[in-house]
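Structure record follows, encoded as structure tokens.
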Amino acid sequence: MPKRRAKSKANASATLLALVVVVVLGIFYALTGRDPGGVFGAGTPTSFVATQTSPVVNAPTSVNASGAWWEVYFADPVNINDPSDWQSSIEGRLIEKINAAKTSIHIASFEFDLTPVAEALIAAKRRGVDVRWVTDDENGLEADAEPGHGQFAMLQDAGIEVRSDTRSALMHNKFWIFDGQIVWTGSTNITENGIFDQDNNTLVIQSPELAVIYEREFQEMWNGQYGPTSPSTLDQQIVTVNGSRIVVVFTSEDPALENAIVPIVKSATRSIRFLTFSFTDFPLADAMSQRSKSGVDVAGVFEKVGSETEASELRTLMCRSVPVKQDGNSGFLHHKVIVVDERIVITGSMNYSTNAEESNDENVIIIDNADIARLYLQEFDRVWSLASDPEIETIACG
């Protein structure tokens with residue numbers, strides 16, 4: 001829609017409000033096929049149920065599975081927990097992508113301490129690949145001086161530029177863009193803990209259109225634009241890849257919980273499953289409990305550390321009779337995953353918290369694909385089987 005100069009402050013405010021409403025409704029329509037208010041035209045809404053275009057190949061478990069244009073990987077701290085055997089881990093899959101890159105590797109990733117990855121990036125740089133990295137200041141470049149680190153220094157000594165934010169809020173993303181064609185995202189930090197100790201997920205999608213979306217966000221941060229004042233391009237962050245609708249939201253320029261996640265949860269008709277490191281957002285917990293009350297099958301697992309605090313929403317859900325557990329992994333449950341109606345997967349770097357929504361730089365990817373959802377549900381079942389029930393006496397319902 002062409003921009004028009006407002007004739008008055010009232011007209012400008014009304015125009016802005018209308019645009020916000022259209023964008024929010026657009027995301028809801030894209031993911032659910034529902035058209036509240038008839039904004040997107042009359043008639044029967046298009047069905048967004050994923051078509052069978054991405055069969056799982058050789059995937060007896062959900063640790064290593066792929067379709068024609070996507071890959072899903074889960075950390076497996078029970079069976080894959082030796083950093084010296086990185087070839088069989090998510091790290092190995094990442095290094096394969098680095099070694100295959102021909103033109104560019106652009107990275108926005110929070111933490112880093114994996115020397116084999118640094119060595120692969122240096123080799124890519126030497127063969128002419130444009131390698132650039134945006135990281136957090138405190139947890140990225142400053143932490144590089146700590147014991148066991150030094151990998152950013154290796155990159156810089158090899159001529160690879162690394163930039164960081166200078167804010168107290170976090171540059172918390174974990175995404176990579178290869179050759180402007182492939183996006184690697186999810187909850188996994190590029191660290192020994194992230195890959196060998198914690199429960200994490202990685203989603204890889206081959207799509208130039210999706211890569212454009214992430215590349216635009218990378219360039220903003222590369223040029224020093226971080227946080228809530230960075231440009232919003234929310235209306236340009238919906239793509240369809242092989243019949244699967246994908247929506248991307250970057251916080252904190254756009255509120256992912258308010259704009260996308262809560263509306264999708266409210267639209268659930270059959271089931272909601274979630275795995276969460278930090279969940280302190282009451283509107284999301286309230287939406288889940290309301291759907292449970294309406295007969296939707298809702299269940300989730302919280303990381304044990306922090307889940308019994310006043311801020312955590314574990315109490316809200318438990319006291320409203322929603323089945324919840326605390327993670328049994330000795331390392332962190334670091335997932336930020338919601339699966340709705342066995343088809344819509346929400347993942348990325350963003351915890352369900354105010355800081356993540358309003359201050360940090362985060363990415364949320366929402367994909368409507370039943371095959372991918374099935375793998376995330378397998379991971380949910382694995383984590384659920386190792387988790388334990390909260391101790392009611394320590395989490396009193398008031």
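Structure notes:
- Each peptide in 387-395, 155-163 gets a packing score, the mean of other Cβ atoms within 10 Å over its residues, and the list from highest to lowest is 155-163, 387-395.
- Shape descriptor for segment 64-394: Rg over Rh equals 0.95 (Cα atoms; Rh from the Kirkwood inverse mean 1/r).
- Residue separation of residue 233 and residue 84 scaled by 0.36 nm, minus their Cα-Cα distance, works out to 49.5 nm of gained length.
- Cβ-Cβ FRET estimate between residue 396 and residue 354, R0 fixed at 25 Å, reported to 0.05: 0.55
- When the Cα convex hull of segment 256-398 is projected onto planes of every orientation, the mean area is 8.0 nm².
- Considering only 366, 331, 356, the residue lying farthest towards the positive end of the dipole of segment 320-366 is 331, judged by Cα position with unit charges set on Cβ.
- Overall shape: rounded for segment 84-205, with the ratio a/c of the largest to smallest alpha carbon gyration tensor axis below 1.5.
- Reducing segment 95-166 and segment 335-398 to their Cα centroids gives an inter-centroid distance of 28 Å.
- Percent of beta bridges antiparallel (DSSP, segment 64-394, rounded to nearest 5): 65
- Pairwise FRET efficiency - residue 308 versus residue 115, Cβ, R0 = 51 Å, nearest 0.05: 0.90
- Gain in span if fully extended, residue 138 to residue 168, counting 0.36 nm per residue against the direct Cα distance: 9.9 nm
- Dipole of segment 64-394 computed with +1 at Lys/Arg Cβ and -1 at Asp/Glu Cβ about the Cα centre; of 152, 83, 180, farthest Cα towards the positive end is 180.
- Shown for 106, 335, 149: other C-beta atoms within 10 Å of each C-beta, ranked fewest to most, produce the order 149, 106, 335.
- Protection-proxy order for peptides 187-196, 201-210, each taking the mean of Cβ atoms within 10 Å per residue, highest first: 187-196, 201-210
- Here r is the Cβ-Cβ distance between residue 269 and residue 157 and R0 is 45 Å; the resulting FRET efficiency, rounded to 0.05, is 0.25.
- Over 23 Å (Cα to Cα) - which of 125/174; 174/293; 304/336; 102/336; 97/125; 97/304 fall in this group: 174/293; 102/336; 97/304
- Prolate/oblate/rounded label for segment 183-276 (Cα gyration tensor, a/c 1.5): rounded
Readers should treat all values here as calculations from the given coordinates under stated rules, not as data from a laboratory. If you're wondering where the values come from, they're calculated on a predicted model, not measured in any experiment. Methodologically, a virtual Cβ is constructed for each residue, glycine included, from the backbone with ideal geometry; neighbour enumeration extends over all protein chains shown.
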